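The values are calculated or read from the model by the stated rules, or taken from the named source; none is laboratory data. What you are looking at is a predicted structure, and each value in this text was computed from that prediction instead of being measured. For neighbour counting, all protein chains shown are included, and Cβ atoms are generated from backbone atoms with ideal geometry for every residue, glycine included. All accessible areas refer to the heavy atoms of the entire protein, side chains included, with ligands and DNA or RNA removed. Shrake-Rupley method; radii C 1.70, N 1.55, O 1.52, S 1.80 Å.
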Amino acid sequence: MAGAIIENMSTKKLVIVGVILLLFQVFSFLVGGLIAPSPTTAVHYLATKCVDVRKHHQKSKWFMPWGPNQCEKIRDFDEAMVKMIEANDIVFAVHIPLPNKEMSPWFQFMLVILQFDIAFKVVNQIEDGAVVTVDVGLAYRDDSVSEWTEMAHSIEQRKLNCNFTTSKTYENEGRYYECDLLPFMEVGSVAHKYYLLNIRLPVSERKRINVGIGEIKDIRLVEIHQNGGFTKVWFAMKTFLTPSILIIMVWYWRRITLMTRPPVLLEKVIFALGISMTFINIPVEWFSVGFNWTWMLLFGDIRQGIFYAMLLSFWIIFCGEHLMDQMERNRFAVYWKQVGPIVFGSFCLFIFDMCERGVQLTNPFYSIWASDVGTELAMAFIIVAGICACLYFLFLCFMVFQVFRNISGKRTSLPAMSKARRLHYEGLIFRFKFLMLVTLACAAMTVIFFIISQVNEGHWHWGEHTVQVNSAFFTGIYGMWNLYVFAIMFLYAPSHKRYGDEQSTGDLGVNSGEDIQLTTTITHVDGPTEIYKMTGKEAQE
C-alpha cells in the first residue's frame, strides 16, 4: 500500500532533504544579518518657529524652515513676546528629509512621532488631563523649485502625559517636564521626494483650546521609515520564494488528484496552507515603488493575518490528525472548537487594523492611541493578543504531547513483527516525532515573532521597554515559514514507492497484522489506512 513520502522515502534521501532545508534556513538568517541593513531608520527633527505675518491666515501658504524661500523665523518665545508676536501667528515647520537628502519610494512608509519640550513655570503648569490641539498640514513636491501641494490637513488632539521629577518651586523654573512620545502621523507610501509639515498650536481662552498645557519651548519629531536596502532584500526574497512555493504546490495537488479517492481533510488543509503562503509571498510591493499606493500597509496586514489564521489552524488540524485516538476525524467540523477562536481572533485583528490604518488612508494624522479609550483598548488588545498566543502555544504543546504518548503506545505492536519491518516502523516513529518537534519549534518562533511585532506596533507607549528586532530575525522567520510549508507539502505528498513489495512473499503471513502508520488520514489509494488496523478502528467499524 502506497503512503506519503515521509513514510516511504529512504532515510538517506530524507537526511539530504533535511540538510538542504537547514542550509536554506541558515542562509535566510544570514541574508538579513550580513546583507540587509536594519529594517528601519529613525531621523530626529527640531521644528523651526516661523512667523505668519499675514492677516487672518486665510490664504494657504506653506512655511519652509530653510532654503531660498525660507520663512521669517524666531529663536524662542521670549523673542516673540518682545516683537509682540501672538501664539496664533507662530507656525512650527519641519522639512522631511534633512537638507541635501531625498525621500524614496523604497522607504515604503513614513511614521512620525511627536514630542513636546515643555518647561516648568509656577504660574503656567500642565493641568491634569491636559490636551494639546494641533492644526497640522502636510504637503509634498518632487523638486526644489515647484510649489508645495497639499496632501492632508487636520485638526488633531493629543493628550499630554508629562512628569516633573523635581519639586515644583521657583528655583526649578526652566527645567523640562519628561513627556511621553505621541503618535502623530503615518503614511503608507513614500511616493514623493520632499515633504513639509506645518504645525500650529491655536490658542483660545474662551474655548479653552491649548490652555493649561504648560510653556511649550520646542516641538521635536522623530520620522521612521523602512530602509531602502532592507526593502530591496525583502523584495528579492519574495520574488525568489514565490515560484518555489507555487511549483511545489502545483506538484503536490497534481499528485493528490492522480489518486483514485477524493482528498482527505489533512491534504486539503496542506493545500490551503500553500495557497496562503503563496498569497503572502506574491511581491505586489514592487508596484508600490512606481505607484502611490497608500493602502499597501493595510493590504500587507490583511495578507499576514490570513496567513496567521491558516497556519495556526493548520497546526491544530495537523496534530489532531496524528492523535490516533478512537474519535472519527477527517471532518472539519471536528475542529470547530479549536479553529473557531482562531478565526474570531483574526477577525478582531482585522477590525482593530481597520480602525487605525483604514482611517489613515484618508487622514494620516489619525491614531487610535490619541484618546484615553482608544489607548486602553489598544493596550488591552496587545496584551490579550500576547496572552492568547501563549495559551495557543501551550495547547499545541499539549496536543503534541498526546501525539507522542499515543505513538509511543503503539510500540507494543513492534516486538511481534519481523526484524526488517520492526526497524522500518521504528524509523517511522522517529520521523513523525522529529517532524512534530520541528512543528513545535516553528510555532514557538511564530508566537515570539507575533508578540514582538505587536509590542513594536505600540513602541512609543512602552517607555524604555522597546524590543529591538534586527533584519536577520525578519528574514529568518519569513524563510522558516516558506521552508516549513515547502517541507510539509513535499513530505505529505503521495508516494509512488510501495514499501515492503520486496518482502511481500516472505512476510505475507504477518503483513496484515503488522501494518501500522502514524497518521489517520494521509494519502492512501484504497481501503482504510493502516492506522485503523493499528488502533482497532477497522474492527469496530
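Computed values, structure above
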{"read-out": "Meets criteria (of a type in the set (A, V, I, L, M), buried (at least 18 other Cβ atoms within 10 Å of the Cβ) and part of a helix (DSSP H, G or I)) for L377", "value": "no"}
{"read-out": "Unique residue being over 16 Å from W481 (Cβ atoms), surrounded by 17 or more Cβ atoms within 10 Å (Cβ to Cβ) and among the hydrophobic types (A, V, I, L, M, F, W, C) when the list is L298, L258", "value": "L298"}
{"read-out": "Residues that are at pLDDT 85 or above and among the charged types (D, E, K, R), drawn from region 56-74", "value": "E72, K73"}
{"read-out": "Residue match in region 1-20 (condition: open to solvent by less than 20 Å² (accessible area, probe 1.4 Å), at pLDDT below 90, part of a helix (DSSP H, G or I) and touching a Ser or Thr at 6+ places or on another chain (Cβ under 6 Å))", "value": "yes"}
{"read-out": "Within region 109-122, considering residues that are open to solvent by 30 Å² or more (accessible area, probe 1.4 Å) and assigned to a loop (DSSP other than H, G, I, E, B), the one nearest to A191 (Cα to Cα)", "value": "F109"}
{"read-out": "Qualifying residue in region 78-95 (condition: in contact with a strand residue (DSSP E or B) (Cβ under 8 Å, 6 or more places away or on another chain), surrounded by fewer than 18 Cβ atoms within 10 Å (Cβ to Cβ) and closer than 18 Å to W148 by Cα)", "value": "no"}
{"read-out": "Pairs, first without any contact (Cβ under 8 Å) to a residue 60 or more places away in the chain in region 115-134, second in a strand (DSSP E or B) and buried (at least 19 other Cβ atoms within 10 Å of the Cβ), C-beta under 7 Å, six or more apart", "value": "none"}
{"read-out": "Looking only at region 389-417, and only at residues there that are assigned to a loop (DSSP other than H, G, I, E, B) and surrounded by fewer than 15 Cβ atoms within 10 Å (Cβ to Cβ), the one that is modelled with the highest pLDDT", "value": "P415"}
